[in-house]
Structures are given as C-alpha cells and as structure tokens.
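*Asks:* Before anything else, here's the structure in question.
The values are calculated or read from the model by the stated rules, or taken from the named source; none is laboratory data. Keep in mind that this is a model prediction, so the values were computed, not measured. Here Cβ is always computed from backbone atoms with ideal geometry, including for glycine, and neighbour counts include all displayed protein chains.
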Amino acid sequence: MEKFFVQLTRDSSIQLSCSFIQSSRSTIQTTLIVFLNGISTPQKLWYPVAELLRYDDTVTCPPMLMYDRVGQPPSIGHNQDVPGRPQGHGRDCLDASHDLREVITWVGEKYLGICPKNVDTLRIIFVASSVACAIARLYAAEYPKNVVAFLFVDSSLANSDTVSLFPDPNSPGFSVGDLPAGVTPELCLETRKKIFPIYASQSKNLEGLWRGTLPSLLPYSDSPRLQGPVPGTPYVTVIGHDPEVFPLQVQQALGLAQIMTRAYFDPAWHCYNEGLAKLTTPNLSKGPIIAKGCGHLIQKDNPQFVANEVLEVVKKLDNTTLSHL
C-alpha cells in the first residue's frame, strides 16, 4: 500500500491523504476501485476490505484507492466559512465530488498511465458508505459514463432532513390517533430534538461537510438514472444495516427509544434503499440486501461481507466486454 498526499488545484492549501494498492496484474490498468468514507469516518476503515480483496485468489482485483476528505485527518487544510452555514462548513457534497475528480485524475496519471485529458476512459467502481453514496451519485452526474459499478453501503437519506421523518406534535395536521402503539407526542418531540445534532442535513459535523444542500441536489432516491460507459453497466448493489442491530446502536449513541427507529427511521431508510436499487436496469441491480449483524458502518462490522459483494461485481465485469479488468 502506497500513501501520499494530493494537493488540490482548486485550493492549494488543501492536501488530501490517499492510499493506493496496485493490482497484482502487471498490464495497463483501466479500472479503479474507489472507496468513499462516511461523515468524519477515516479511510482506514476500508483497509480490512481492501486487504481481503488484494489477497483473494478467485479473481485479480483492480487497483484500489482510498482517501480522507477535507476535514478528515490526516488530510491537510480545512473547509472555509460560507454565510448561512455553521463555521467551517464551506464545502458541500458537490464540492466533495469535484475534489474526488482531482484525486482520481492525479492517481490515474501517476499510477495508471492515464493522462488527465483521457481520465474519462478510466472505469470506476465506487464502494461508498453513508453520505459518500450521495457524493458518488453526484460525481456520476457531473462526469457521466465513467462509473461501471456502484456499491452503496448503508447510504444516508440524501433527500431528507431526517428530522421530518418523525411526527411533529406542533404541526397543524398532527393527530395522536395516528401514532402507533407505544409512541407518544412527548416521545416524538424528544426524538426530533435528539436526532437533529447527528442526522439532520443541516447539523454540524467534525469534518465540516455541509449536507444542507443535499435534499435539493438529490431530491429522489431513484433518479436521475445512472449511466454506465458501455452496455451492461452500471451494476448497482445496495446494502443496508441490520434492522435488529441499528435501533440499539442509535439508542446507545443518542439515547433514542428503539421504538422510534423501528417505527419511523428504519422503514424510511429501507424505502430509500429500494429507490437506489432502481438507479440502473433491473438485471444490473442487486438489493437492497441486509448485512446481518451489522450497524451503520458495515465495512467495520463485517469487512468480509463487503469484500464478497465487491468481488461479485468484479467477476461480473470480468465476464463482460470489460474483460481487461
């Protein structure tokens, strides 16, 4: 594994920390697996998955790239201030997709022999966690027909502010009679208050990545449709957390009653995942599938599960016109 920094041309004060694993195949590589992190989550959580892929003897895995975004140590630099946003939240997910483009372009030239003007010939497999699933989708919209496969690993709900998933007792149309057994108006108010600091699109985070623009950038989970570079792409695999594990995880993190996650949060999450699975044609789609025993960070809880899904996609691509993998 090689580690290095990529200085952004868009902002020379920023250097992103990257890790690269070359394929064992010595021929020219035209495919790259790119792992994308969730909010304030380090690239090193992907290392176990990458190692499993690297040493798997059933397929020759393409080269792999991991990196830390602006505000994720050890990357150097920080997000600027923007009026109307919390301090240090000057970059949003669209900006992050532009930063990603610079990293991919740099790595393509340095390690894969692809000059910047031909970067669109590089075939990308995105393995994205949480909010990075939205970044992957925005990248695909900005630079169409580059990505041959998407693995969405417990995507965040990009089209929602999250708080509104839970009933608001102060809203004009609220009715106690609509609440399921065990849910009270007081519990609804408490939940909305507790969910905001972590999950709300307009909440602050340690990384300084602004999510407030996401609902307008990606208002639908099932559109716009993703376009692959050649017929038979892109593959889309949608992986979700275990609904028997996640409610306890949220309770431990936020003190949120499990019934609120089971009644509102998880059903909305699963519905969102069903939409993601429709971003490609049915024969190229898999999921949503549940990672049994896993919470939100599936790559941490079960790296073998994620590695298996990546390997399945690589094998599918290897059996198509992209046999040069």
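*Asks:* Out of the residues in the stretch 26-65 that are part of a loop (DSSP other than H, G, I, E, B) and hydrophobic (A, V, I, L, M, F, W, C), which is farthest from Gly90 (Cα to Cα)?
*Replies:* Ranking the qualifying residues of the stretch 26-65, first place goes to Val59.
*Asks:* Could you list, ordered by first residue, the pairs with Cβ atoms under 6 Å in which the first is in the stretch 265-294 and closer than 20 Å to Ile198 by Cβ and of a type outside the set (A, V, I, L, M, F, W, C) and the second is crowded, with 16+ Cβ neighbours inside 10 Å and modelled with pLDDT of 95 or more, at least 6 apart or interchain?
*Replies:* The qualifying pairs are Tyr272/Leu157; Tyr272/Ser221; Asn273/Val238; Asn273/Gly240; Asn273/Pro288.
*Asks:* Can you name the residue in the stretch 175-213 that is in a helix (DSSP H, G or I) and among the acidic types (Asp, Glu) and is also surrounded by the most Cβ atoms within 10 Å (Cβ to Cβ) among such residues?
*Replies:* Glu190
*Asks:* Still on this structure: Quick one: in the stretch 140-172, of everything that is assigned to a strand (DSSP E or B) and of a type in the set (Val, Ile, Thr), which residue is farthest from Glu102 (Cα to Cα)?
*Replies:* Within the stretch 140-172, the match that is farthest from Glu102 (Cα to Cα) is Val153.
*Asks:* Still on this structure, please answer the following. Is it the case that Asp92 is under 30 Å from Ala200 (Cβ atoms) and crowded, with 20+ Cβ neighbours inside 10 Å?
*Replies:* Yes, satisfied.
*Asks:* If I filter the stretch 225-248 for residues that are assigned to a helix (DSSP H, G or I), buried (at least 19 other Cβ atoms within 10 Å of the Cβ) and either small (Gly, Ala, Ser) or over 19 Å from the mean Cα position of the chain (by Cα) (or both), do I get at least one hit?
*Replies:* Yes: the stretch 225-248 contains one or more residues that are assigned to a helix (DSSP H, G or I), buried (at least 19 other Cβ atoms within 10 Å of the Cβ) and either small (Gly, Ala, Ser) or over 19 Å from the mean Cα position of the chain (by Cα) (or both).
*Asks:* Any residue in the stretch 66-73 that is closer than 28 Å to Ala307 by Cα and not in a loop (DSSP other than H, G, I, E, B)?
*Replies:* Scanning the stretch 66-73, I find at least one residue that is closer than 28 Å to Ala307 by Cα and not in a loop (DSSP other than H, G, I, E, B), so the answer is yes.
*Asks:* Restricting to the stretch 301-325, give me the number of residues that are surrounded by fewer than 17 Cβ atoms within 10 Å (Cβ to Cβ), among the charged types (D, E, K, R) and at pLDDT 95 or above.
*Replies:* So the count comes out to 1.
*Asks:* In addition: So how many residues does the stretch 249-262 have that are surrounded by 15 or more Cβ atoms within 10 Å (Cβ to Cβ), hydrophobic (A, V, I, L, M, F, W, C) and assigned to a helix (DSSP H, G or I)?
*Replies:* Residues flagged as surrounded by 15 or more Cβ atoms within 10 Å (Cβ to Cβ), hydrophobic (A, V, I, L, M, F, W, C) and assigned to a helix (DSSP H, G or I) within the stretch 249-262 amount to 4.
Quick grid of which residues meet (1) within 24 Å of Tyr143 (Cα to Cα); (2) surrounded by fewer than 23 Cβ atoms within 10 Å (Cβ to Cβ); (3) touching an Asp or Glu at 6+ places or on another chain (Cβ under 9 Å):
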{"site": "Asn37", "(1), (2), (3)": "yes, no, yes"}
{"site": "Pro83", "(1), (2), (3)": "no, yes, no"}
{"site": "Gln87", "(1), (2), (3)": "no, yes, yes"}
{"site": "Ser97", "(1), (2), (3)": "yes, yes, yes"}
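*Asks:* Go through the stretch 129-162 and give me each residue that's touching a Pro at 6+ places or on another chain (Cβ under 6 Å) and on the phi > 0 side of the Ramachandran plot.
*Replies:* Lys145
*Asks:* Now, a different point. What residue, among those in the stretch 39-50 that are surrounded by fewer than 24 Cβ atoms within 10 Å (Cβ to Cβ) and touching a residue at least 60 places away in the same chain (Cβ under 8 Å), is farthest from the chain's Cα centre (by Cα)?
*Replies:* Filtering first and then ranking leaves Pro48.
*Asks:* Residue under question is Leu151, and the condition is that it be under 19 Å from Thr261 (Cβ atoms) and touching a residue at least 24 places away in the same chain (Cβ under 8 Å); does it hold?
*Replies:* For Leu151, the condition - under 19 Å from Thr261 (Cβ atoms) and touching a residue at least 24 places away in the same chain (Cβ under 8 Å) - is not met.
*Asks:* Filter the stretch 125-139 down to residues that are in a helix (DSSP H, G or I) and either free of Cβ contacts under 8 Å to residues at least 60 places away in the same chain or of a type in the set (Val, Ile, Thr) (or both) and give me whichever is farthest from Leu45 (Cα to Cα).
*Replies:* Tyr139
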